[in-house]
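Working notes for the structure below.
The values are calculated or read from the model by the stated rules, or taken from the named source; none is laboratory data. Here the structure is a predicted model, which is why all the values come from computation and not from measurement. Reconstructed Cβ throughout: ideal geometry from the backbone, glycine too, with neighbour counts over all protein chains shown. Accessible surface areas use protein heavy atoms only, side chains included; no ligands, DNA or RNA. Shrake-Rupley method; radii C 1.70, N 1.55, O 1.52, S 1.80 Å.
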Amino acid sequence: MSIAWSPESWQHKPLSQRVDYPDGEALRRAVDSLSQLPPLVTSGEIEKLKLLLADAAAGERFVLQGGDCNESFADCSADPITAKLKILLKMSLILAFGAQQPVVRIGRLAGQYSKPRSSDVETRGETTLPVYRGDLVNRPGFTADERRPDPQLLLRGYERAALTLNFVRALIQGGLADFRHPEFWELGFVDLSRQSAEFREMMRGIAESVRFVETIAGRSLAEWLSRGEFYVSHEGLHLWYEQAHTRQVPRRTGWYNLSTHLPWIGERTRSVDGAHVEYFRGIANPIGVKVGCGCTPEELLALCDTLNPDNQPGRLMLIHRFGAARIPAALPRLVEAVLRKGRRVVWCCDPMHGNTLTTASGVKTRDFDAILRELETAIDIHQALGSVLAGVHFEMTGENVTECIGGARGLTEADLTRNYRSDVDPRLNYEQAMEMALLLARKLSRGRAAAR
Ligand code: PEP
Ligand code: CO
């Protein structure tokens, strides 16, 4: 039965990925303190993003969403944040060039601090402890103290999110390096690729376009980008954190989650009757839902009805993540159901989460070629059905980690031990993410050429 919505009404629904805090009173105090603190984003920005997403669903813009699987408090420092922002901006220019469309940039950052886990506990040898659920909840070290959920971390997470967003906004407004200098692009890996001549040609095309735009606009691209928007998103997993940031604002109706522009519901928490869907249905933000192989067309339509009853364009992003082998069978029936019922959704492809594998030595990785294959298949399926793939969702970093295999440098399983830094899922590194953007841009530009 449907209950009246409030920022707390999710507490009456079954909650998956529940965190068991040993001290409930301390949790309530932390949530109360959090709800007194200023918001991180504004409702005006949120409404603007909704309009941009509506354009993307209509095939007029392309969405690039990306960042760490799991932001860590330790990485809340200048270099990793700058590297993440720079690579997202570079990829967005490459994709804009390929798609011949403006790109909506959304970082997976400033709040991506809590993770769904497949088990509540982790066992090493004789010892079993609560699993690490992200820095918002507990700590990664394997001791009882570090694994105990600590409500103070909700406040620490909010502070890290605020520091991150403050620095991102400052960088965009004035601190970015010059896009005209070839060193800025750091393209050493291109020569290692089989497509190096083609990539060089694309980069030349981009450099020329940048010069052209700067000439007619009479100002530098960096200056122009500083006016361009940059949005943030995270999985809205920890509902106490999300509730504390849910506010009403003057001169607008409804409730906004002001911790981020675009929160999303994960694959493990998207049950129509569950607490997460209950919370998300009542906020006015654009929202995402991850959709994997277990999702039937009926279930997807029920999610559309509950989360977007007015069929508002730009409100509901469906982020599908099946894996390269399963997308050909899994995606068409969902797209067809959505088309048949005339549901307005913003389709995006997450080519990461269906392509995770564990090596013989127990390391989680992903293969560059499988990621690319899922993306290309997604584009083809949407196009064949008369639907629109509005964007992509990556787990990536601007740094030189070795977590995914493949790419121009041909990283192998043996390389994974060199610089594997993720506590959770493996990310594309700088070179792999740039190469992926080039290959995706190539695919998008071929699609445009074929449609002409
Ligand atoms: C994630 O995006 O990190 C994640 C856990 O994804 P999913 O919910 O699709 O498994
Ligand atoms: Co992940």
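Among the residues in region 191-210, are any open to solvent by less than 10 Å² (accessible area, probe 1.4 Å), within 16 Å of ligand 1 (Cβ to nearest atom), in contact with a helix residue (DSSP H, G or I) (Cβ under 6 Å, 6 or more places away or on another chain) and not polar (S, T, N, Q)?
Scanning region 191-210, I find no residue that is open to solvent by less than 10 Å² (accessible area, probe 1.4 Å), within 16 Å of ligand 1 (Cβ to nearest atom), in contact with a helix residue (DSSP H, G or I) (Cβ under 6 Å, 6 or more places away or on another chain) and not polar (S, T, N, Q), so the answer is no.
For region 293-322, which residues satisfy the criterion of being part of a loop (DSSP other than H, G, I, E, B) and either within 13 Å of ligand 1 (Cβ to nearest atom) or closer than 22 Å to H353 by Cβ (or both)?
The first filter runs over region 293-322 and keeps only residues part of a loop (DSSP other than H, G, I, E, B), leaving 293-296, 308-315, 321-322.
Listed by number, the residues that qualify are C293, G294, C295, T296, R321, F322.
Under the condition of being part of a loop (DSSP other than H, G, I, E, B) and surrounded by fewer than 17 Cβ atoms within 10 Å (Cβ to Cβ), which residue from region 423-452 is farthest from ligand 1 (Cβ to nearest atom)? Give the derivation first.
Taking region 423-452 and keeping what is part of a loop (DSSP other than H, G, I, E, B), we get 423-427, 429, 452.
Going one step further and asking which of them are surrounded by fewer than 17 Cβ atoms within 10 Å (Cβ to Cβ), we end up with 423, 452.
Values: D423: 12, R452: 35 Å.
If we take residues in region 423-452 being part of a loop (DSSP other than H, G, I, E, B) and surrounded by fewer than 17 Cβ atoms within 10 Å (Cβ to Cβ), then R452 is farthest from ligand 1 (Cβ to nearest atom).
Which of (1) at pLDDT below 95; (2) within 21 Å of G362 (Cα to Cα); (3) away from ligand 2 (no atom under 16 Å from the Cβ) does S422 not meet, given it meets every other one?
Among (1) at pLDDT below 95; (2) within 21 Å of G362 (Cα to Cα); (3) away from ligand 2 (no atom under 16 Å from the Cβ), S422 violates only (3).
Take region 402-419 and flag every residue that is crowded, with 17+ Cβ neighbours inside 10 Å and away from ligand 1 (no atom under 16 Å from the Cβ). First the steps, then the outcome.
Initially, region 402-419 is screened for residues crowded, with 17+ Cβ neighbours inside 10 Å, giving 402-409, 411, 416.
T402, I405, G406, G407, A408, R409, L411, L416, listed by residue number.
How many residues, within region 279-288, are surrounded by fewer than 23 Cβ atoms within 10 Å (Cβ to Cβ) and part of a helix (DSSP H, G or I)?
So the answer is 1.
Going by what's in this entry, would A370 be described as among the small types (G, A, S), open to solvent by 50 Å² or more (accessible area, probe 1.4 Å), more than 23 Å from G288 (Cα to Cα) and away from ligand 1 (no atom under 15 Å from the Cβ)? Let's see the steps before the verdict.
Details: among the small types (G, A, S): yes; open to solvent by 50 Å² or more (accessible area, probe 1.4 Å): no; more than 23 Å from G288 (Cα to Cα): yes; away from ligand 1 (no atom under 15 Å from the Cβ): yes.
So A370 does not fit the description; no.
Among (1) part of a helix (DSSP H, G or I); (2) over 28 Å from L307 (Cα atoms); (3) open to solvent by less than 50 Å² (accessible area, probe 1.4 Å), there is one condition E376 misses while meeting the rest; what is its number?
That leaves (3) as the condition not met.
Look at W5 and say whether it is under 21 Å from F280 (Cα atoms) and in a loop (DSSP other than H, G, I, E, B). So that I can check it myself, show each step before the final result.
Numbers: under 21 Å from F280 (Cα atoms): yes; in a loop (DSSP other than H, G, I, E, B): yes.
So W5 fits the description; yes.
From the residues in region 70-118 that are under 19 Å from P263 (Cβ atoms) and of a type in the set (V, I, T), which one is surrounded by the fewest Cβ atoms within 10 Å (Cβ to Cβ)?
Restricting to residues being under 19 Å from P263 (Cβ atoms) and of a type in the set (V, I, T), the top hit is V104.
Considering only residues that are within 16 Å of ligand 2 (Cβ to nearest atom) and farther than 21 Å from G266 by Cα, which ones fall in region 359-411?
Within region 359-411, the subset within 16 Å of ligand 2 (Cβ to nearest atom) is 363-367, 370-371, 374, 392-397, 401, 403-404.
Result: V363, D367, A370, V401, E403, C404.
Of (1) assigned to a helix (DSSP H, G or I); (2) modelled with pLDDT of 95 or more, R200 satisfies all except one. Which?
Among (1) assigned to a helix (DSSP H, G or I); (2) modelled with pLDDT of 95 or more, the lone unmet condition for R200 is (2).
The rows are residues; the columns are (1) modelled with pLDDT of 95 or more; (2) within 16 Å of ligand 1 (Cβ to nearest atom).
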| site | (1), (2) |
| --- | --- |
| G67 | yes, yes |
| L85 | no, no |
| L93 | no, no |
| F97 | no, no |
| V103 | yes, no |
| L109 | yes, yes |
| Q112 | yes, yes |
| P116 | yes, yes |
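In region 139-172, what residues are in contact with a Leu (Cβ under 7 Å, 6 or more places away or on another chain), outside any helix (DSSP H, G or I) and within 19 Å of Y21 (Cβ to Cβ)?
P151
Which count do you get for residues in region 276-311 that are touching a residue at least 60 places away in the same chain (Cβ under 8 Å) and out of contact with any strand residue (DSSP E or B) (no Cβ under 7 Å at 6 or more places or on another chain)?
5
Within region 8-24, work out how many residues are under 17 Å from P263 (Cα atoms) and assigned to a helix (DSSP H, G or I).
1
Condition first: assigned to a loop (DSSP other than H, G, I, E, B), within 16 Å of ligand 1 (Cβ to nearest atom) and of a type in the set (D, E, K, R). Can you find one or more residues in region 394-401 that meet it?
No, region 394-401 contains no residue that is assigned to a loop (DSSP other than H, G, I, E, B), within 16 Å of ligand 1 (Cβ to nearest atom) and of a type in the set (D, E, K, R).
Given the condition in a strand (DSSP E or B) and either open to solvent by 20 Å² or more (accessible area, probe 1.4 Å) or modelled with pLDDT of 95 or more (or both), answer yes or no: does some residue in region 25-43 qualify? Lay out the reasoning, then the answer.
Taking region 25-43 first, the residues in a strand (DSSP E or B) are none.
No - not one qualifying residue is present in region 25-43.
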